[in-house]
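Asks: Sharing a structure, written as structure tokens. Questions coming.
The values are calculated or read from the model by the stated rules, or taken from the named source; none is laboratory data. From a predicted model like this one, the values you see are computed outputs, not experimental measurements. A quick note on method: Cβ atoms are made from the backbone with ideal geometry, for glycine too, and the neighbour counts reach across all protein chains shown.
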Amino acid sequence: MITVFTPAYNRAYTLPRLYGSLTRQTDNDFEWIIADDGSCDNTFDLVKNWQENEKRFDITYLRTKNGGKHRQINRAVGLAKGDGFFIVDSDDDVKDDAIESAKKGFSSIADDPEFAGVSFLRSYRNTNKIVGQKPLFAEYVDCTNFERNKYGLEGDKAEIYKTELLKQYPFPEYDKENFLTEGVLWDKLAYEGYKIRWFNRAIYHCEYLDDGLTHSGLEIFVNNPKGWGRFIHDEIQYGVNNSLMVSPLVFYLYEKDRLSDEKMKECLCFKGEEFTEMKSTFSALRERIISSGDKTFAIAGYGRYGKIIKKLFDDAGKDIAFVIDKNYEKITDMKAYPIEDFPNVDMVIIAMKNPPKGYWRKIQGTGKVKEIVGIEQLLK
């Protein structure tokens with residue numbers, strides 16, 4: 001049996017689509033747990049009606065209050081009857097054979113203690129295009145969450161974890177904080193050696209809405225410093241510090257005006273000398289930006305990473321001349337241009353973790369840039 005779990009907040013306008021997809025399943029051996037995190041719309045009435053009329057599968061409704069998705073998962077895992085725990089967000093839905101495919105895949109690893117669960121692909125609802133890139137294997141591959149990228153497993157996936165394992169490894173909960181990235185737990189399981197069986201098949205339709213966590217940006221991390229600091233500390237310990245979001249320098253940049261040094265050390269689990277070294281490194285980076293003189297800078301890509309670079313330069317009192325972005329017309333807080341037509345500039349900083357193929361060459365080919373660097377080069 002599979003437990004489908006859905007966290008929700010004011011999603012009465014999207015939940016019917018997910019419910020409809022569940023009613024069309026070719027295999028009804030599942031339950032649906034909905035955790036409502038303090039909604040003020042008609043989610044309660046909607047779910048109550050489904051509970052009273054649905055005969056094919058059980059529906060459990062949990063009412064919580066601004067506890068965050070990680071707390072909702074912990075609570076739902078404690079109530080789950082399924083062997084596999086399948087998180088399906090409230091703005092998404094699943095293909096008609098999703099449960100059938102999930103059960104079949106899960107049964108192949110259910111009795112193997114080396115596995116934490118199985119995973120399938122997500123596709124965009126309107127285009128059926130795979131989220132991330134096409135995997136570099138045929139049917140499936142077995143590896144940890146740390147190893148997934150070398151097999152082309154980039155972007156969000158549809159994972160079904162062993163319920164009993166999630167009971168053994170609950171998400172940490174911090175007082176007065178309502179967000180913790182799920183990577184804290186998924187990477188811990190990888191560090192413990194647990195593998196995932198990754199299937200090259202899409203069973204999940206997704207849509208990233210403007211009011212969802214994916215679009216919440218940096219603010220949600222900044223406002224939950226204990227959880228963010230825990231994530232940074234763990235990733236460094238695991239040796240997978242490969243993102244700006246797990247850089248202590250970025251944590252310091254955003255939290256230094258909000259928290260005391262002692263509080264930041266506590267959040268990062270840093271010893272005194274580690275924190276002192278980090279502050280020294282930050283100061284050196286800041287001074288290097290300040291000492292760049294009349295050199296002009298532009299940012300290519302104005303997502304989360306681009307905004308981090310802009311804040312870093314703002315903190316040093318140095319202007320970013322403009323940004324280069326495919327959505328340049330939507331950027332209102334600074335000058336923005338398309339990659340095909342931007343002014344001359346001394347340096348372009350590529351503010352993307354995985355730039356599109358040929359992106360660097362395309363910028364260089366304009367003849368308008370003296371130097372191009374990536375984020376990692378800049379921080380080094």
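Asks: When the residues of the stretch 2-33 are narrowed to those that are within 24 Å of the chain's Cα centre (by Cα), buried (at least 22 other Cβ atoms within 10 Å of the Cβ) and not aliphatic (A, V, I, L, M), which ends up nearest to Asn53 (Cα to Cα)?
Replies: Ranking the qualifying residues of the stretch 2-33, first place goes to Trp32.
Asks: Follow-up. Pick out the one residue from Lys150, Lys167 that is without any contact (Cβ under 8 Å) to a residue 40 or more places away in the chain, more than 28 Å from Leu253 (Cα to Cα) and not in a loop (DSSP other than H, G, I, E, B).
Replies: On the way: Lys167 fails: without any contact (Cβ under 8 Å) to a residue 40 or more places away in the chain.
It is Lys150.
Asks: Is it the case that Asn178 is closer than 26 Å to Phe270 by Cβ and either in contact with a strand residue (DSSP E or B) (Cβ under 7 Å, 6 or more places away or on another chain) or not assigned by TED's automatic domain parsing to the domain that holds Lys103 (or both)? Step through it out loud before you land on a result.
Replies: Working: closer than 26 Å to Phe270 by Cβ: yes; either in contact with a strand residue (DSSP E or B) (Cβ under 7 Å, 6 or more places away or on another chain) or not assigned by TED's automatic domain parsing to the domain that holds Lys103 (or both): no.
Answer is no for this residue.
Asks: Can you tell me which residue is nearest to Ala158 (Cα to Cα) among those in the stretch 203-212 that are modelled with pLDDT under 95 and buried (at least 17 other Cβ atoms within 10 Å of the Cβ)? Steps first, please.
Replies: Taking the stretch 203-212 as the starting set, the residues that turn out to be modelled with pLDDT under 95 are 206-212.
Checking the rest, the ones that are also buried (at least 17 other Cβ atoms within 10 Å of the Cβ) come to 206, 212.
Numbers: Cys206: 10, Gly212: 17 Å.
Applying the filter and picking the extreme gives Cys206.
Asks: Also: Filter the stretch 87-100 down to the residues that are buried (at least 22 other Cβ atoms within 10 Å of the Cβ) and either of a type in the set (Phe, Trp, Tyr) or not in a loop (DSSP other than H, G, I, E, B) (or both) and list them by number.
Replies: Within the stretch 87-100, Asp93, Val94, Ala98, Ile99 meet the criteria.
Asks: Could you check the stretch 293-380 for helices (runs of 4 or more DSSP H) lying wholly inside it with 2 or more residues that are aromatic (Phe, Trp, Tyr)? Break it down stepwise before answering.
Replies: Values: elements: 304-315, 359-364, 375-379.
Per the criteria, 304-315, 359-364.
Asks: Cβ-Cβ distance below 7 Å, separation of 6 or more or different chains: which pairs start in the stretch 49-76 with a residue that is at pLDDT 95 or above and charged (D, E, K, R) and end on one that is buried (at least 17 other Cβ atoms within 10 Å of the Cβ) and assigned to a loop (DSSP other than H, G, I, E, B)?
Replies: Cβ pairs passing all conditions: none.
Asks: Might you let me know whether the stretch 207-221 holds any residue that is in a loop (DSSP other than H, G, I, E, B), under 16 Å from the mean Cα position of the chain (by Cα), hydrophobic (A, V, I, L, M, F, W, C) and over 29 Å from Asp261 (Cα atoms)?
Replies: Filtering the stretch 207-221 down to residues in a loop (DSSP other than H, G, I, E, B) leaves 207-212, 216-218.
Imposing the further condition that a residue be under 16 Å from the mean Cα position of the chain (by Cα) reduces the set to 207-212, 216-218.
Still in the running and hydrophobic (A, V, I, L, M, F, W, C): 209, 218.
Cutting the leftovers down to over 29 Å from Asp261 (Cα atoms) gives us 209.
The answer is yes, given that some residue of the stretch 207-221 is in a loop (DSSP other than H, G, I, E, B), under 16 Å from the mean Cα position of the chain (by Cα), hydrophobic (A, V, I, L, M, F, W, C) and over 29 Å from Asp261 (Cα atoms).
Asks: Please go through the stretch 103-159 and give me each residue that is polar (S, T, N, Q) and either in contact with a Cys (Cβ under 6 Å, 6 or more places away or on another chain) or closer than 24 Å to Tyr238 by Cα (or both), ordered by number. Before the answer, list the steps.
Replies: Residues of the stretch 103-159 that are polar (S, T, N, Q), as a first pass: 107-108, 119, 123, 126-128, 133, 144-145, 149.
Answer for the stretch 103-159, where residues must be polar (S, T, N, Q) and either in contact with a Cys (Cβ under 6 Å, 6 or more places away or on another chain) or closer than 24 Å to Tyr238 by Cα (or both): Ser119, Thr144, Asn145, Asn149.
Asks: Say whether the condition of being in contact with a Phe, Trp or Tyr (Cβ under 9 Å, 6 or more places away or on another chain), modelled with pLDDT under 95, basic (Lys, Arg) and farther than 17 Å from Val369 by Cα is met by at least one residue in the stretch 341-357.
Replies: Yes, there is a match, as at least one residue in the stretch 341-357 is in contact with a Phe, Trp or Tyr (Cβ under 9 Å, 6 or more places away or on another chain), modelled with pLDDT under 95, basic (Lys, Arg) and farther than 17 Å from Val369 by Cα.
Asks: Also: Restricting to the stretch 308-334, count the residues that are farther than 19 Å from Pro356 by Cβ, touching a residue at least 24 places away in the same chain (Cβ under 8 Å) and not aromatic (Phe, Trp, Tyr).
Replies: Final tally of qualifying residues: 10.
Asks: A further question on this structure: Does the stretch 89-102 contain any residue that is among the small types (Gly, Ala, Ser) and over 20 Å from Thr6 (Cα atoms)?
Replies: no
Asks: Another question about this same structure. What's the number of the condition Ala102 fails, among (1) at pLDDT 95 or above; (2) closer than 22 Å to Leu153 by Cβ; (3) in contact with a Lys or Arg (Cβ under 9 Å, 6 or more places away or on another chain)?
Replies: Just one mismatch for Ala102, condition (3).
Asks: Using beta carbons and a limit of 7 Å, which pairs, at least six apart or on different chains, have the first residue in the stretch 1-23 and among the charged types (D, E, K, R) and the second one not in a strand (DSSP E or B)?
Replies: Arg11/Thr43; Arg11/Ser90; Arg11/Asp91
Asks: Identify the residue in the stretch 34-67 that is part of a loop (DSSP other than H, G, I, E, B) and over 20 Å from Tyr13 (Cα atoms) and, among all such residues, is farthest from the chain's Cα centre (by Cα). Full working, then the answer.
Replies: Filtering the stretch 34-67 down to residues part of a loop (DSSP other than H, G, I, E, B) leaves 38-42, 54-57, 65-67.
Filter again for over 20 Å from Tyr13 (Cα atoms), leaving 55-57, 67.
Values: Lys55: 35, Arg56: 33, Phe57: 30, Gly67: 18 Å.
Step by step, filter the stretch 34-67, then rank; the result is Lys55.
Asks: So which residues in the stretch 36-57 are under 27 Å from Lys104 (Cβ atoms) and surrounded by 14 or more Cβ atoms within 10 Å (Cβ to Cβ), if there are any at all? So that I can check it myself, show each step before the final result.
Replies: First, pick out the residues of the stretch 36-57 that are under 27 Å from Lys104 (Cβ atoms): 50, 54-57.
Hits for the stretch 36-57 are Trp50, Glu54, Phe57.
Asks: Starting from the stretch 84-112, take each residue that is outside the structural domain of Gly183 (by TED's automatic domain parsing) and without any contact (Cβ under 8 Å) to a residue 24 or more places away in the chain and list its partners that are surrounded by 19 or more Cβ atoms within 10 Å (Cβ to Cβ) and assigned to a strand (DSSP E or B), counting only C-beta distances under 6 angstrom and pairs at least six apart or across chains.
Replies: none
Asks: Please verify whether Glu274 is more than 15 Å from Leu253 (Cα to Cα), assigned by TED's automatic domain parsing to the domain that holds Val250 and either among the hydroxyl-bearing types (Ser, Thr, Tyr) or out of contact with any Pro (no Cβ under 7 Å at 6 or more places or on another chain) (or both), treating the condition exactly as stated.
Replies: Yes: the conditions hold for Glu274.
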